[in-house]
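Worksheet for the structure shown next.
Throughout, read-outs are computed from the coordinates displayed, never taken from laboratory work. In this text, all values refer to a predicted model and were calculated from it rather than measured experimentally. Here the Cβ positions follow ideal geometry from the backbone for every residue, glycine too, while neighbour counts run over all protein chains shown.
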2 protein chains.
Amino acid sequence: MSRQPFQPLADELYDLLGERVTQDEALCREHGVGYSHHACQPPDLVVYPHSTEEVAAVVAICARHQVPVVPFGAGTSVEGQVVALRGGVCIDLRQMHQVVEVSYPDMYVTVQAGVTRNQLDELLEGSGFFFPIGPGVNATLGGMASTRASGTNAVRYGTMKDNVLALTVVLPDGQIIRTGSKARKSSTGYDLTRLFVGSEGTLGVITELTLRLHPYPEAIRAAVCAFPTVEAAVNTAITTIQKGIPIAKVELLDTVMMRAVNQYSDLNYVEQPTLFLEFHGSEGEVEEQVRKVQQYAAENGAADFLWASDEATRTRLWRARIDAAPAALALVPGSRLMGTDVCVPISRLTQCIHETLADAEETGLLAPLVGHVGDGNFHLTLLIHPDDPEGFEKAKALNERLVLRALALEGTCSGEHGIGMGKLPYMPLEHKEALDVMRAIKKAIDPDNRMNPGKLLP
Amino acid sequence: MSRQPFQPLADELYDLLGERVTQDEALCREHGVGYSHHACQPPDLVVYPHSTEEVAAVVAICARHQVPVVPFGAGTSVEGQVVALRGGVCIDLRQMHQVVEVSYPDMYVTVQAGVTRNQLDELLEGSGFFFPIGPGVNATLGGMASTRASGTNAVRYGTMKDNVLALTVVLPDGQIIRTGSKARKSSTGYDLTRLFVGSEGTLGVITELTLRLHPYPEAIRAAVCAFPTVEAAVNTAITTIQKGIPIAKVELLDTVMMRAVNQYSDLNYVEQPTLFLEFHGSEGEVEEQVRKVQQYAAENGAADFLWASDEATRTRLWRARIDAAPAALALVPGSRLMGTDVCVPISRLTQCIHETLADAEETGLLAPLVGHVGDGNFHLTLLIHPDDPEGFEKAKALNERLVLRALALEGTCSGEHGIGMGKLPYMPLEHKEALDVMRAIKKAIDPDNRMNPGKLLP
């Protein structure tokens, strides 16, 4: 869309939001790519609303002018969710960072969509409660809901779909709805909350979220343990889950990733497949969980455990896991990261990882691996140098083979990053005829295809 | 729909299923009401398919003849979900009782929709795994998914929405789709699984379900404990949840219900508000949970606990809770039961229960109460004598006031029974503008409104 015919719309938006509208080219470009490896396509204009009502007014104006709308949180999505494929208006929600209501008795908090993970953590500090979902970056909660984010705690606490009680959503025509309620469960009609969670802005703009809080555990213990093989590490995770141990985190780093973190953070971990573990519970519960998992690990040939109880030591111990992404990037100076993401039934995980590592080796790409293995979910971090188009093509092909492998093993093409534009080609293969139902829903709610067009549905 | 113009459709169905089609009036009537207090409205015809493909063929024939379809499980729904308001074809799924696949390594089982709770329990017996969702009756799993059932274990294990991984669904035009996957999590498109869970047959027919299994706990301990007041009992439950105790069941029976079960089962419990509790975990975990909850109960003025560890004693101890429904019915010989169902944020629960019990007393109805109080969910069991139309009207009015009270307290008009036709009038009040989105989805997927018409959406 060229600037000129866009001006009447822009004028209305300036009237509404004044300085909180920008057509600055650099700012627009900043909003057009996110953390993805896709080419930037900027919106024509960015707005910074402060309230649900302002979002509704913006969306209504866009509806009247038949202009696309792209919601934007922290811009940390990795599959091109914020790329403005058809230009239009980007709604940057970061100035909607108010906490609307906190109820510790009912264990929920209602926040505006622009509140970030870190901000929520700070709010809850010392309250005795916490919000468990944390992707590896400081995303906004609206963005996390939109992409159905999960992260390291999902093995125990579930994903965003399990931790959002209610949403306020602005529909494509500017109407405001509220989904769900503050009750812990409900059986009243279609589950719109779960429909909007994971919809990536294609059905409307999430402006407020009521989130489930969890009691902060009395005791937390962290551990790091190296294994002779990936299989031994994964089998330890499988046994832990099957025995009903409510482990809070169980993360696999493969040999290449361990080398990367050793180099990056000046650590001296054994460079073998390694599990990073975290246990939550009462003192007694944690002790018992630890004892059992140690036993499963020993049965799988694990070497010694490193342990940490207090927060400082825990953070130091987990440094390697926390730094995995920058550590991977540092392996190839000047490179960018293409983060893959598949999830398979846990019994297929070893096979999927083995074949994938062999494939990466054959391709000649340095591809450290990190996995939320308790869920069967893992990421291969492909390092791409901007001046190496051939490497980029190789990485894309490797990623495609990984996706097809995961689907063949009855898994899914994304465990947590979402579809955006990056995983679009695999939607028909994964969902087959069910894709028609998704398309029918999209058409029913957004008949003009103006909400984040070109994403999620091919 | 009269029999005559129906015959061409019937002939096609007879050709397809032979003896597994019936137009017998008594059988049709049996399929027209379920456990609800609504008037029976029979379908014109009942079919008993054996496979997803047969269901698809039946639904396609109905589509061609523009005839309504009502899916039927065990007929245990209580809000009139199976009443054939516009006649048509009832699809009785009880002969679809095959177990399709069991994977203990991946902790899932795939079953046909007609498999019942009890059948699944028997299958899993001794496997080391169990399926946690159990309403008070032997429902089919397809029916439980359709109404988003939960029951006593939901406080720890969630509801059907949290325990269905994937579904096979026959759409209104006869097309078969598969939603979700066997992976533990996914971020790929609209969450159709959660959309069909709770949709009460209004979007299609669920024919197969992949269910999440949970490790059978190493230790189970049950307890019964009387409190001086409802508030004291509820506060004990609230503290238990807030402290992060992963209690498996926490059920409240009020004084009237305790009297009812004492009379019915010849027990001699104290006739005071009473909590029935169950703890799951390792021996050590259970001991610790028990110790803490005993302390919270004591702080709330509880009398002594009765305890049970082995299964026989546990069942005996929980007899009162298990028999609550028949015990309530026995209070008024010859009566029928109108089971209400609301859910509120847990901090509002005491107020909601107090006002409701006072309202029942003022109305002059005997209304024993049982609550899944850990979730803020409770049922008032209204006893109606068929020969007392005035009592019936009073009960309906009491139920309506209860619903309005729950909604005013930011709760929901049904925690687990669903909408059917019984809760239809409250859908606009609870969901407001969001109802338009539900209607748009219904219209997109079932444009001719043939799937269980007249249910869920007013």
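The table below gives the values:
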read-out	value
Helix A:283-299 vs. chain A, principal-axis angle (Cα, 0 to 90°, nearest 10)	70 degrees
Copies compared at B:VAL270 - label distances in nm, ascending, label defined 7 Å from Cα in the Cβ direction	5.6
Peptide-level mean, for A:435-443, of C-beta atoms on other protein chains within 10 Å	6
Backbone N within the stretch B:286-301 under 20 Å of label point (7 Å from B:GLU218 Cα along the Cβ vector)	B:286-293
Label point distance in nm, B:ALA26-A:GLU53, each placed 7 Å from Cα along Cα→Cβ	6.5 nm
Directionally averaged projected area (convex hull, Cα atoms, the stretch A:328-420), nm²	5.6 nm²
D (Stokes-Einstein, µm²/s), Kirkwood Cα radius, the stretch B:284-351, 0.692 mPa s at 37 °C	212 µm²/s
Mean separation of Cα contacts under 8 Å (6+ apart) over length of the stretch B:99-215, as relative contact order %	33 percent
Value of relative contact order over chain A, rounded to a whole percent, pairs C-alpha under 8 Å and six or more apart	15 percent
At 7 Å out from Cα toward Cβ: B:ARG439 inter-copy label distances (nm, ascending)	2.7
Using alpha carbons only: equivalent-ellipsoid semi-axes of the stretch A:99-215, gyration tensor based, whole Å	21, 16, 14
Translational diffusion coefficient (Stokes-Einstein; Kirkwood radius from C-alpha pairs) of the stretch A:3-92 at 4 °C, 1.567 mPa s, in µm²/s	101 µm²/s
Ranked packing of A:333-339, A:233-239, most packed first, by mean Cβ within 10 Å	A:233-239, A:333-339
Charged-residue dipole, Cβ positions (Lys, Arg, Asp, Glu), the stretch A:99-215 about Cα centre, Debye nearest 20	380 debye
Cα long-axis angle, helix A:230-242 against chain A (0 to 90 degrees, to the nearest 10)	80 degrees
In sequence order, calculated HN-Hα J values of the stretch B:57-72 (Karplus, 6.51, -1.76, 1.60; Hz; x Gly/Pro)	5, 4, 5, 5, 4, 4, 5, 4, 8, 6, 10, x, 10, 10, x, 9
Exam field: A:PRO228 pseudo-label spacings to other copies (7 Å along Cα-Cβ), nanometres	6.4
Burial ranking of peptide ranges A:67-78, A:175-186 (average Cβ count within 10 Å, highest at the top)	A:67-78, A:175-186
For A:194-200, mean number of other protein chain Cβ atoms within 10 Å	5
Directionally averaged shadow of chain A, computed from the convex hull of its alpha-carbon atoms, nm²	21.5 nm²
Mean separation of Cα contacts under 8 Å (6+ apart) over length of the stretch A:328-420, as relative contact order %	40 percent
Gain upon complete extension [A:ASN449, A:GLN98; 0.36 nm per residue less C-alpha separation]	123.4 nm
Residue among B:CYS343, B:ALA406, B:LEU380 farthest towards the positive dipole end of the stretch B:327-417, charges placed on Cβ	B:CYS343
Area projected by the alpha carbon convex hull of the stretch A:229-290, averaged over all directions, nm²	4.7 nm²
Once the Cα gyration tensor of the protein assembly as shown is diagonalised, semi-axes √(5λ) in Å	43, 34, 28
C-alpha long axis of helix A:434-445 to longest principal axis of chain A, angle in °	40 degrees
Size of charge dipole - the protein assembly as shown - debye, nearest 20, with Cβ of Lys, Arg +1 and Asp, Glu -1, no other charges	640 debye
Helical contribution to [θ] at 222 nm, DSSP H n ≥ 4, -39,500 (n - 2.57), averaged over chain B, rounded to 500	-11500 deg cm²/dmol
Euclidean distance between Cα centres, the stretch A:351-373 to the stretch A:5-57, Å	39 Å
Exercise: per-residue mean of other protein chain Cβ atoms within 10 Å, A:374-387	1
Magnitude of the charge dipole, the stretch A:328-458, Cβ model with Lys/Arg +1 and Asp/Glu -1, debye to 20	420 debye
From the C-alpha gyration tensor of the stretch B:177-314, square roots of 5λ in Å	36, 20, 16
P(r), alpha carbons of the stretch B:136-180 - 5 Å bins starting at zero, rounded %	5, 19, 25, 23, 14, 8, 4, 1
Exceeding the 26 Å Cα-Cα cut-off - candidates A:LYS443/B:LYS432; B:LYS161/B:LYS423; A:LYS455/B:LYS432	A:LYS455/B:LYS432
